[in-house]
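Down below is the structure, laid out as structure tokens.
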Amino acid sequence: MPETNFLWGIIAGAVIVLTAFLVPAVLQITKTAKAAENLIRTTQESLTPLIVKLHETVDKTNQIASQLNESIGNVQKLTKAAGETGAVLSDVNDLLRKAGMFFSVTTSSFGSGIKTALGVLAQGLIKKGG
């Protein structure tokens, strides 16, 4: 039986030594867990306003992008309208040139006709008078 008592004594001593080392280790693990929890809480509290601001920034950026797309569409419409207006003005200019040429030809022809008629009349008057 003395061997059994000795064995129980070794086991008891091992339990005491193990407890002496485990208790501080468990306390340190508990402190580390609390410190990690505090760090996570502080980080979350710091990040929450930043995340809210980030969402606001994304919303504003999307609004600006939408307005920019609308403005680009308006500029494209304006450019197209200006091109169409230029084409119409070119057509009107061509029409006026043609009308001017027609008027010029008509006026020249009319002027030549009057000159010829006056020449014929003048010759007729000269012949009668002479």
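None of the figures in this text is laboratory data; all of them are computed from the coordinates on show. Since the structure is predicted, the reported quantities are computational estimates derived from the model, not experimental observations. Positions of Cβ are generated from backbone atoms using ideal geometry, with glycine treated the same way; all protein chains shown enter the neighbour counts.
Which log10 I(q)/I(0) values does the range 3-50 give at q = 0.22, 0.25, 0.28 Å⁻¹ under the Debye formula, counting every alpha carbon as one identical point scatterer?
Scattering profile of the range 3-50, log10 relative to I(0): -0.77, -0.84, -0.91.
As I understand it, the dipole of the range 1-91 uses +1 on the Cβ of Lys and Arg and -1 on the Cβ of Asp and Glu, about the Cα centre. Which of A36, L78, Q63 lies farthest toward its positive end?
A36
Once you charge only the Cβ atoms, +1 for Lys and Arg and -1 for Asp and Glu, what is the size of the charge dipole of the range 1-91 about its Cα centre, to the nearest 20 debye?
Computed charge dipole of the range 1-91: roughly 240 debye.
Using only alpha-carbon positions, what ratio does the radius of gyration of the range 1-91 give when scaled by 2.2 N^0.38 Å?
So the Cα radius of gyration is 3.10 times the expected 2.2 N^0.38 Å.
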